[in-house]
Amino acid sequence: MLRDLCCCGSSDTDDTVDRDPVLLVSGIGGSILHSKRKKFGFETRVWVRIMLADLEFKKKAWSVYNSETGYTESLDNATEIIVPQDDYGLYAIDILDPSLFVKCLHLTDVYHFHDMIDMLVGCGYKKGTTLFGYGYDFRQSNRIGKLIDGLKEKLEAAYKASGGRKVNIISHSMGGLLVSCFISLNSDTFSKYVNKWITIATPFQGAPGCINDSLLTGLQFVEGFESFFFVSRWSMHQLLVECPSIYEMLPNPDFNWKKQPEIQVWRKQSKDGETSVGKESYGCNECVTIFEEALRNNELNYDGKTIALPFNFKILEWATGTRKVLNETQLPQGVSFYNVYGTSNDTPFDVCYGSESSPISEVSEICHTMPEYSYTDGDGTVPAESAMADSFDAVERVGVAASHRGLLTNKKVFQLIQNWLGVSSEVKVKHSKTSKVMDVCLNQPQEEIRALSI
């Protein structure tokens, strides 16, 4: 089946060598994380795992932010979180739970860059020579030293391994923000090592509905029956409250949204001894008020101790600095930029807690309330409006009708990547009229965007 997805199946040795290197960069939740014992070096996979997921996650992944260092640090002082570097960085971003159980059942929910890696290998790319991966500790800030330095090392390694050929980066989701921060902080290095940057589903201006709700109630990565074998929404929430990366994906208050994203709360109101119900709305700048109130008493129990986890203003201050870095990023001369964004999926935009018939009494109740969403067009996670607004001089921006993770397995996305990398072959794939590559301008109405989407 993979041969059908790939339009470059030649196995010629010379053709295999004749490739500019590709570096795949994952997004939030898109890297395997191991917990490593500092004393003995023993490692346990804490993300992603299907069996004993919640138990191991609580013991080894829960963290608190250290404002002095700028890093989120594990509550278990005897361990540290690391990203495995096997298979030239590809292992950590391939199948996120590579256990025999998952592979036997082919649980595709955790098959991340797997299909794209197979597609690129089928197109003549060779692991360790022209194909590399960059997984990282996605709890951390996108502009923190370890993440930026790690990306630089990967670029240097790919550049040298391929004999001094410039690198083509393919990033997914938050990985695009990491690359953008890298450009802003290391423009000369980026120019030296990078030829093309293809980004997929990047929340350039934030992911309003998903991120606002993640800070208030958590995040459910897997739905349905499988969720019972995965990390719970509440466990994930307690991690995300202390993650700079989450704060850095809050909706950009400086962006000219078609409609400002809001957090809405139905609340009981008392005036002159009479009680009524009203809906309060909080925009990008006012939402901090509701975060502070709702998370004021948030806490977890760890190793017999109670640890307070309110809304973290130190992280917010750092994230505001990151947003400034992102807003100032300019694409270096000589680097070609391509943007793929998802469309045709209902994507959370505004979030509303409580209802007129069942209002919120205490704001802290929000953290235990499932929201109602208002939706916009996008990939189910990132609004198309945000993903399109990269502010760069793009060679092409293309909307593809697919979900956030589905973009990593989408045939049309693969065709676009192959075209942009220039790796066509004698074996041609029939293209429908709707698969034509199109440039979608930023100021087009949403109706036109849908019509132009692949």
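The values are calculated or read from the model by the stated rules, or taken from the named source; none is laboratory data. Keep in mind that what you see is a predicted model, and the values were worked out from it rather than measured. Using ideal geometry, Cβ is built from the backbone for each residue, glycine included, and neighbour counts are taken over all protein chains shown. Accessible surface is based on the protein model in full, side chains and every heavy atom, while ligands, DNA and RNA are left aside. Shrake-Rupley method; radii C 1.70, N 1.55, O 1.52, S 1.80 Å.
Here are the numbers for this structure:
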item: Whole-Å distance, taken between Cα centres, linking segment 236-294 and segment 77-156; result: 34
item: Protection-proxy order for peptides 308-316, 355-363, each taking the mean of Cβ atoms within 10 Å per residue, highest first; result: 308-316, 355-363
item: Structure-based [θ]222 nm, the chain - -39500 (n - 2.57) summed over DSSP H runs of at least 4, per residue, nearest 500; result: -8000 deg cm²/dmol
item: Protein accessible area in segment 307-399, 1.4 Å probe - carbon and sulfur %; result: 46
item: 0 to 90° range, to nearest 10: angle between helix 411-421 axis and the chain longest Cα axis; result: 60
item: Segment 266-283 - phi-based ³J(HN,Hα) in whole Hz, Karplus 6.51/-1.76/1.60, Gly and Pro as x; result: 7, 10, 6, 10, 10, 8, 6, x, 10, 9, 9, 10, x, 9, 9, 10, 10, x
item: Segment 121-196 - percent of accessible surface contributed by carbon and sulfur, probe 1.4 Å; result: 44
item: Rounded accessible area per residue of the chain, 1.4 Å, Å²; result: 44
item: Cα pair count fraction exceeding 23 Å, expressed as % - segment 37-188; result: 45
item: Under Karplus coefficients 6.51, -1.76 and 1.60, residue-wise ³J(HN,Hα) of segment 256-263 in Hz, glycine/proline x; result: 8, 5, 4, 9, 4, x, 9, 9
item: Global form of segment 246-318, assessed from the alpha-carbon gyration tensor, a/c cut-off 1.5; result: oblate
item: 11 Å beta-carbon shell around CYS181, net charge (K/R +1, D/E -1); result: +1
item: R0 of 45 Å, Cβ-Cβ distance SER355-GLU68: FRET efficiency to nearest 0.05; result: 0.55
item: Estimated inter-spin distance, GLN220 and ARG233, nm [label 7 Å along Cα→Cβ]; result: 0.5
item: Cα gyration tensor shape of segment 139-195, rounded if a/c is under 1.5, else prolate or oblate by comparing a/b with b/c; result: prolate
item: Inter-label distance for GLN330 and PHE40, nm, one decimal - labels placed 7 Å from Cα along Cα-to-Cβ; result: 5.5
item: Long-range HN-HN contacts of ASP350 with modeled amide H, under 5 Å; result: GLU262, SER374
item: Alpha-carbon Rg with Dmax, taken over the chain, Å; result: 22.1, 83
item: Largest-first principal axis extents of the Cα set of segment 184-271 (Å); result: 60, 42, 23
item: Listed pairs LYS39/LYS59; LYS39/LYS126; LYS39/LYS103; LYS103/LYS411; LYS126/LYS166 exceeding 25 Å between Cα atoms; result: LYS39/LYS126; LYS39/LYS103
item: Residue-wise HN-Hα coupling along segment 18-27, computed from phi with Karplus coefficients 6.51, -1.76, 1.60 (Hz; x: Gly, Pro); result: 7, 9, 6, x, 10, 10, 8, 10, 7, x
item: For LYS126, distant residues with modelled amide H under 5 Å away; result: LEU131
item: Low-density loop positions, GluC sites (Glu not before Pro), segment 52-121 - DSSP coil, at most 14 other Cβ in 10 Å; result: GLU68
